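Data block below; observations after.
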Amino acid sequence: MRRKLAAGNWKMNGTAASLAELAVLGAQLGDDGPDVVICPPAPLLFRAVHAAEDTRIAIGAQDCHMQPKGAFTGDISAQMIADTGAQYVIVGHSERRDTHKERNADINAKTLMAWASGLTAIICVGEELSDHEQNNTLDIIAGQLAGSLPDGAQAHNTVIAYEPIWAIGTGKVPTLEEIIAVHDSIRATLINRLGDETGNAIPLLYGGSVKPDNAETIFKAENVDGALVGGASLKAADFAPIIAALARS
Ligand code: 13P
């Protein structure tokens, strides 16, 4: 059985007051069920770890640098993230690939840094609307995966998130058939590259406008092991039903 994971990406939203949501969410999670991780903005990491202490919620960052340390003003290293008590880091989110011009090779290097610091990397891939419309999705995803995922990935330190760029924050979601096709293809690629055991054990998340009212349908796909959720992860009242739908799937 693959582990299920519900990950919330708060992006550049929230202040210390928002951390009250962690206690609310934590209180609604049973003793077992899907793994849950919240990725708040970097300045909140340390306090988020503390706020989630008595809950099952793990904390993650939204990015790390590809170098271990040095003259990189404004950046944060994987080691610094681990030092806060966080356990995960998102790498290669499309918003960073876009606004920070991150390339697959950068994301590969960031993932290696994450692993070296004991963090689980949530590696994001996803196609633009034009690629989707031209039926290039599977090729684009295969290329991103080939470049972004380092050799030596293991199930305990790697999660892949498929987030079609055109579905992020738009309310648009691929059909279940489209999600199945992409996730099956990612699974086949992982098995091909990493072998049966590891390839089958790495969780695959879908992301892009996941909401309480569409989560159940999305989780019907066999190779969807969870979700990477933006807007609907900010409030426990929205995220909890998504986690519950995942638990039932
Ligand atoms: P939304 O759920 O707000 O569409 O964001 C998805 C996302 O980008 C999560 O990383």
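Of note:
- For region 134-233, the list of trypsin sites (Lys or Arg not before Pro) that fall in a loop by DSSP and count at most 16 other C-beta atoms within 10 angstrom reads Lys172, Lys220.
- Amide H contacts of Gly8 (H built 1.01 Å from N, in plane; Pro and chain starts excluded): Val37, Ile38, Cys39, Val229 sit under 5 Å, all sequence-distant by 5 or more or on other chains.
- Under-5 Å amide H pairs with Glu163, H placed in peptide plane, nonlocal only: Val125, Gly126, Gly207
- Karplus-derived 3J(HN,Hα) values for region 230-237, using 6.51 cos²θ - 1.76 cosθ + 1.60 with θ = phi - 60°, are x, x, 7, 9, 6, 10, 4, 4 Hz; glycine and proline are entered as x.
- Whole-number D in µm²/s for region 40-177 (Stokes-Einstein; Kirkwood sum over Cα pairs; 10 °C, 1.306 mPa s): 101
- Distance between modelled label sites at Thr73 and Met12, nm, 7 Å Cα→Cβ extension: 1.7
- Region 160-232 and region 1-62: distance between their alpha carbon centers, rounded to Å: 20
- Divided by 2.2 N^0.38 Å, where N counts the residues, the Cα radius of gyration of region 116-235 comes to 1.02.
- Trypsin sites (Lys or Arg not before Pro) within region 3-85, DSSP loop, no more than 14 other Cβ atoms inside 10 Å: Arg3, Lys69
- Set of lysines near Lys110 by C-alpha distance (under 28 Å), chain-local residues within fewer than 8 positions excluded: Lys4, Lys11, Lys69, Lys101
- Remark: spin-label model distance Ser130-Leu176 equals 3.3 nm, labels positioned 7 Å along the Cα→Cβ axis.
- Across the chain, the volume of the C-alpha convex hull divided among the residues equals 113 Å³ per residue.
- Global geometry of region 1-70, whether rounded, prolate or oblate, following the gyration tensor of its Cα atoms and the 1.5 cut on a/c: oblate
We did not get these values from a lab; they are worked out from the coordinates using the rules stated. The structure presented is a predicted model; accordingly, all values stated were derived computationally and were not measured. Every residue, glycine as well, gets a Cβ built from its backbone with ideal geometry; the counts of neighbours run over all protein chains shown.
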